[in-house]
Amino acid sequence: MERQALHELCHQVVQALVHEQGWSLTPSGLQDLVEAIFPFAQHLPDPTLQALRIIVLNYKLDGLMVQQMLMPQSALGNKSWAEWRTHFLKIASVKELAAEDAEDLVQTVYSEALKALLTFRFQSRLNTYLVAIFKVELRRMGNDVWEGQLPNQPGLEYFVQAVDGGGNVAVQDNKGHYFILGEQPSSTIYLPIILGISGRLPMDSSTKTTLFLPSVIKN
């Protein structure tokens, strides 16, 4: 979609939501909201009305807090992070983590979340986004999930291979058909249990990509 057409569509969506939600915005305030969400709309592969509505609603609810959290040294930014720290420590307590482990986890989440917020595009609520980061770091702490990245290239195929320190190998290649990106957004890939996996191994990003992962991974 051309830039001007997308901008006009954003304006229409914001205008409709202002009326629908009863937001008290001046004409200049409405235009400011359009300009604020427009960069995020440009990242949408398919800027549908529903996708734009989600961005506008999430930005209206969380935009101010995100701006504050991106300035952690400010009074408001520090206050926001302190509230999230308390929230995450409560979750860690429910998970029965030791106090020292919980502190380490929350510090890691803070570092990762601060970096992630630089590219946060309001396609979800802030709470959903931050809790997802927390869960990823919690799983990493437990060593039950290894993760890697693949280049988003057309036709890319991969299989999953786990190797232990003794050289034992377990492979899942989708019955010889391999996996493709986006094929299993919510599924679990099962491999035979391999003991003694340690360390993080690099991934080969060639056409047939080998992922060195544990016995069970979520793709």
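The values are calculated or read from the model by the stated rules, or taken from the named source; none is laboratory data. These figures come from a predicted structure and were not determined experimentally. A quick note on method: Cβ atoms are made from the backbone with ideal geometry, for glycine too, and the neighbour counts reach across all protein chains shown. Heavy atoms of the whole protein, side chains included, go into the accessibility calculation; ligands, DNA and RNA do not. Shrake-Rupley method; radii C 1.70, N 1.55, O 1.52, S 1.80 Å.
In table form, for the structure just shown:
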| item | result |
| --- | --- |
| Tally of residues being modelled with pLDDT of 80 or more and within 14 Å of the chain's Cα centre (by Cα) across segment 128-147 | 10 |
| Residues of segment 71-81 classified as among the small types (Gly, Ala, Ser), surrounded by 11 or more Cβ atoms within 10 Å (Cβ to Cβ) and in a helix (DSSP H, G or I), total | 2 |
| Residues satisfying the stated conditions in segment 57-70, i.e. surrounded by 13 or more Cβ atoms within 10 Å (Cβ to Cβ) and either of a type in the set (A, V, I, L, M, F, W, C) or in contact with an Asp or Glu (Cβ under 6 Å, 6 or more places away or on another chain) (or both) | Leu57, Leu61, Met65, Val66, Met69, Leu70 |
| Failed criterion for Ala16 (all others in (1) within 18 Å of Leu64 (Cα to Cα); (2) surrounded by fewer than 16 Cβ atoms within 10 Å (Cβ to Cβ) hold) | (1) |
| Qualifying positions in segment 38-54 - more than 12 Å from Leu6 (Cβ to Cβ) and outside any helix (DSSP H, G or I) | Pro45 |
| Segment 7-37: number of residues that are in a helix (DSSP H, G or I) and over 21 Å from Arg125 (Cβ atoms) | 14 |
| Yes/no for Glu96 being surrounded by fewer than 14 Cβ atoms within 10 Å (Cβ to Cβ), of a type outside the set (A, V, I, L, M, F, W, C), out of contact with any strand residue (DSSP E or B) (no Cβ under 6 Å at 6 or more places or on another chain) and not in a helix (DSSP H, G or I) | yes |
| Some residue of segment 100-119 being open to solvent by less than 40 Å² (accessible area, probe 1.4 Å), in contact (Cβ under 8 Å) with a residue 60 or more places away in the chain and under 17 Å from the mean Cα position of the chain (by Cα) | no |
| Condition check for Ile91: part of a helix (DSSP H, G or I), at pLDDT below 95 and among the β-branched types (Val, Ile, Thr) | yes |
| Test set (1) closer than 18 Å to Ala116 by Cα; (2) surrounded by 13 or more Cβ atoms within 10 Å (Cβ to Cβ); (3) in contact (Cβ under 8 Å) with a residue 40 or more places away in the chain - Arg53 fails condition number | (1) |
| Search result, residues across segment 152-167 that are modelled with pLDDT of 70 or more, small (Gly, Ala, Ser) and surrounded by 15 or more Cβ atoms within 10 Å (Cβ to Cβ) | none |
| Test result for Thr48, under 19 Å from Arg125 (Cα atoms), among the β-branched types (Val, Ile, Thr), without any contact (Cβ under 8 Å) to a residue 60 or more places away in the chain and open to solvent by 50 Å² or more (accessible area, probe 1.4 Å) | yes |
| Number of the exception - Val34 against (1) free of Cβ contacts under 8 Å to residues at least 24 places away in the same chain; (2) of a type outside the set (Ser, Thr, Tyr); (3) open to solvent by less than 40 Å² (accessible area, probe 1.4 Å); (4) over 30 Å from Val136 (Cβ atoms) | (1) |
